[in-house]
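Below is one structure; the comments refer to it alone.
The values are calculated or read from the model by the stated rules, or taken from the named source; none is laboratory data. Here the structure is a predicted model, which is why all the values come from computation and not from measurement. Quick reminder, even Gly has a Cβ in these numbers, built from the backbone with ideal geometry, and neighbours come from all protein chains shown.
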Amino acid sequence: MSRLEPIGVLGAGWVGLVTAACFAELGHEVCVRDIDEARIAALEAGGTGIYEPGLAELLERNRERLRFTLDVREAFAAARSVFVCVGTPPTHSGDADLSAVWRVLDELEPGSDGLTLVMKSTVPVGTGEKVRIELDSRGRADVGYVSNPEFLAEGTAVADFQRPDRVVIGSFGPGPGDAIATLYEGLGVPILRTDVATAEMIKYASNAFLATKISFINEIANVCEETGADVSVVARGMGLDPRIGPHFLRAGLGFGGSCFPKDVAALKQLAGNSGYHFQLLTAVIEVNELQKRRVVAKLAKHLGSLRGKTVTLLGLAFKPNTNDMREASSLVLASRLLAEGAHVRGWDPVALGEARELLQGVELHEDLLAALEGADAAVIVTEWDAVRAFPYHEAGRVMRSAVLIDGRNVLDPDEARAARFFYESVGRP
Ligand SMILES: NC(=O)c1ccc[n+]([C@@H]2O[C@H](COP(=O)([O-])OP(=O)(O)OC[C@H]3O[C@@H](n4cnc5c(N)ncnc54)[C@H](O)[C@@H]3O)[C@@H](O)[C@H]2O)c1
């Protein structure tokens, strides 16, 4: 198989677009298919449809090697490797919704010889085996199946794809896995070859472990608040131990986004469906839920009843450098504050379009100081650079009362207090 073979990508979201742009950068012709007309139209017009640093430039640079289409036949036409990057959102039961994955099987064209489906979407352990059985029962034993879970993080997705810590390739036999491993040779990174179920589990276990680290440090932070210790120094002290490592030990409002909440819930359900009660993950999820709500008590400590008070949420996206609002902490916070009778405002540099649909009843602002004008308190929800450089002087002048709850521990408590703010963060005295 030639290294520069044409590639198909199904799904033009974060994973699909980054996969497509990065393989095009490596020299492949890539055809990206989505079912969302608006998304394909935006891409054809030279846009991205999503906010991801570096992606627009990469798409532009490789425009002649990239094609966007609504027609699934085009994606399968020339490609022997088709990357499945469709969404697998949570269902009401917490299991992953695999309907988009099954739809891909329904859309397989007859006679696409030598084709391999490469599953980049996060799917429950056992999905690959079910897909294999289904393909065989439809007389498509010729179609190969490889699990190739994606570990990129929004905000740094392009760099994560181009310089990953590892590429995991799970296959039922060596053949199709070898071909997919060849595609990644240009990246020069470690490639871990496994069976399909193990590859699927590596993805879930990795996300669940990272989420566990976050909930763990948040519980330590909550105990720090009771005892007077400083969680940021505790985390530094812990992280210097190489067995622990410094990453994902930042206390705050907890995790959100399109991956951690759904993947932790899906792994918990997967275990439960197989008869195993995953107690640790139950606690990880509960701690994460409660962590966002602690902000309300902190506000009430300074403001008393929140009824009629104006509270500004600084940052609405689930993390900086993305416009993704899926499972963002701001959604829970805004709902809780509205339920307390507060008047809620929101500011974000890139996610206002998404926020408009999701945050009904919240007054949205493009300008940070306009969002703070007359506010009784501000809550740092997403650590955008503009928030890290909090304009104490101007904010102090326009706010009704200078109450600042730093939900991401990004400001210096001494500086905030020197600027005469009533400042609270998470787990720091
Ligand atoms: N976003 C991340 O940070 C991230 C990281 C690693 C893994 N993942 C996983 O990758 C998968 C995709 O995530 P995402 O964030 O890119 O999702 P997304 O929702 O941004 O994009 C999915 C896209 O797939 C399209 N789609 C649905 N059915 C389709 C079909 N039959 N053919 C073609 N397109 C179809 C949707 O219209 C949508 O545009 C998920 O399983 C997710 O868990 C996401």
field: Out of N273, N288, sole residue that is farther than 23 Å from R356 by Cα and modelled with pLDDT under 95
entry: N273
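For the subset of segment 72-93 comprising residues that are within 14 Å of the ligand (Cβ to nearest atom), over 24 Å from the mean Cα position of the chain (by Cα) and aliphatic (A, V, I, L, M), which member is surrounded by the most Cβ atoms within 10 Å (Cβ to Cβ)? First the steps, then the outcome.
Initial filter on segment 72-93 (within 14 Å of the ligand (Cβ to nearest atom)): 72-76, 79, 82-91.
Going one step further and asking which of them are over 24 Å from the mean Cα position of the chain (by Cα), we end up with 72-76, 79.
Keeping just the survivors that are aliphatic (A, V, I, L, M) gives 72, 75, 79.
On the way: V72: 20, A75: 27, A79: 21.
So the residue we want is A75.
Name the residue, out of R33, R65, R61, that is among the basic types (K, R) and over 19 Å from L187 (Cβ atoms). So that I can check it myself, show each step before the final result.
Details: R65 fails: over 19 Å from L187 (Cβ atoms); R61 fails: over 19 Å from L187 (Cβ atoms).
Checking each option against the conditions leaves just R33.
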task: Starting from segment 33-49, keep only residues that are without any contact (Cβ under 8 Å) to a residue 24 or more places away in the chain, then list their pairs with residues that are surrounded by 16 or more Cβ atoms within 10 Å (Cβ to Cβ) and not in a helix (DSSP H, G or I) whose Cβ atoms are within a distance under 6 Å, requiring at least 6 positions of separation or different chains.
output: A42/G49
- request: Scan segment 11-29 residue by residue and report those that are under 22 Å from A153 (Cβ atoms), away from the ligand (no atom under 12 Å from the Cβ) and surrounded by 20 or more Cβ atoms within 10 Å (Cβ to Cβ).
  value: A21, C22, F23, A24
- line: E5 passes all but one of the listed conditions (1) more than 9 Å from the ligand (Cβ to nearest atom); (2) modelled with pLDDT of 95 or more; the exception is number (2)
field: Residue among T212, T194 that is among the polar types (S, T, N, Q), more than 16 Å from the ligand (Cβ to nearest atom) and free of Cβ contacts under 8 Å to residues at least 60 places away in the same chain
entry: T194
- line: Apart from one, (1) crowded, with 20+ Cβ neighbours inside 10 Å; (2) away from the ligand (no atom under 16 Å from the Cβ); (3) charged (D, E, K, R) all hold for R294; the odd one out is (1)
message: Return the residues of segment 326-362 that are surrounded by fewer than 22 Cβ atoms within 10 Å (Cβ to Cβ), small (G, A, S) and part of a helix (DSSP H, G or I); say none if nothing qualifies.
response: S335, A339, G353
- prompt: Can you name the residue in segment 33-64 that is in contact with a strand residue (DSSP E or B) (Cβ under 6 Å, 6 or more places away or on another chain) and among the charged types (D, E, K, R) and, of all such residues, is farthest from the ligand (Cβ to nearest atom)?
  reply: E44
Cross-chain or 6+ apart pairs with Cβ under 6 Å, segment 155-176 first and modelled with pLDDT of 95 or more, then assigned to a strand (DSSP E or B) and exposed (fewer than 15 other Cβ atoms within 10 Å of the Cβ): R166/L192; V168/L192
statement: Those residues of segment 94-105 that are modelled with pLDDT under 95 and near the ligand (Cβ under 9 Å from one of its atoms) come to a total of 1
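Let's see how each residue does on (1) outside any helix (DSSP H, G or I); (2) not aliphatic (A, V, I, L, M):
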| position | (1), (2) |
| --- | --- |
| L117 | yes, no |
| V123 | yes, no |
| R140 | yes, yes |
| A153 | yes, no |
| D165 | yes, yes |
| G177 | no, yes |
field: Which listed residue is over 21 Å from L411 (Cα atoms) and away from the ligand (no atom under 16 Å from the Cβ), from L249, L240, L253
entry: L240
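Can you tell me which residue among I217, I133, I180 is away from the ligand (no atom under 14 Å from the Cβ), more than 27 Å from Q269 (Cβ to Cβ) and modelled with pLDDT of 95 or more?
On the way: I217 fails: more than 27 Å from Q269 (Cβ to Cβ); I133 fails: more than 27 Å from Q269 (Cβ to Cβ).
The conditions single out I180.
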- prompt: Pick from segment 46-71 the residues that are modelled with pLDDT of 95 or more and aliphatic (A, V, I, L, M): which of them is nearest to the chain's Cα centre (by Cα)?
  reply: L55
